[in-house]
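What follows is calculated from the coordinates using simple rules that are stated; it is not laboratory data. Remember, it's a predicted structure, so these values are computed and weren't measured experimentally. Here Cβ is always computed from backbone atoms with ideal geometry, including for glycine, and neighbour counts include all displayed protein chains.
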Amino acid sequence: LRAPILSPAPGKVVFVGRKGPLGRTIVIDHGNGIRTRYGHLRRYHVKRGQKVVYRQKIGQLGNSGRSTGPHVHYEILLDGKPIDPKKFLEAAKNVLKEKNGGWPQGAIIAAHHHQSRRARRRQHHQQR
């Protein structure tokens, strides 16, 4: 698998390098306190300080760092704190639906949200 990883919005690359268990990682600052982070990459296609545009190829799906198989770790950070990307994906889906009739045919969106152990416990107890 050598799938390209694309920028979801314009921004500036603020980190390119290895980051512990995430392996090869890219972080993009999109402004307004929003950053996106991509881990476990195979290859980088951007450099720190570079400006990126919507859907620009920034890297390649991989298996670096602590990983059980090829995938991309995708996070959205708001003011430095990870947030559930589901809200952003739903909003994008609605915008695209209004703009051009929905997601492009064959589009696959996967978001992998890591919560702390404490947050998972709290969520579990709230659902009971």
Anything over 20 Å Cα to Cα? Flag those among 12/47; 19/86; 12/87; 12/81, in the order listed. 19/86; 12/87
Residues with amide H under 5 Å of residue 61's amide H, sequence separation 5 or more or different chain, H placed in the peptide plane at 1.01 Å from N; which? 3, 5, 42
Determine ³J(HN,Hα), in whole Hz, for all residues of the range 24-36 in sequence, where each value follows from phi through the Karplus function 6.51 cos²θ - 1.76 cosθ + 1.60 and θ = phi - 60°; x replaces Gly and Pro. 5, 10, 10, 10, 10, 9, 9, x, 6, x, 9, 10, 10
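Can you give the local net charge around residue 21? Use residues other than it whose beta-carbon is closer than 14 angstrom to its beta-carbon, Lys and Arg +1, Asp and Glu -1. List each step's numbers first, then the result.
Numbers: positive: 18, 19, 24, 37, 66; negative: 75.
Result for the neighbourhood of residue 21: +4.
So what's the net charge close to residue 74: Lys and Arg +1, Asp and Glu -1, counting the other residues with Cβ under 13 Å from its Cβ?
Values: positive: 35, 37, 86; negative: 75, 84.
That works out to +1.
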Would you mind checking which residues have amide H under 5 Å from residue 56's amide H? H placed 1.01 Å from N; only 5 or more apart, or other chain. 7
Once the other residues with Cβ under 14 Å from the Cβ of residue 34 are scored (Lys, Arg +1; Asp, Glu -1), what is the net sum? +1
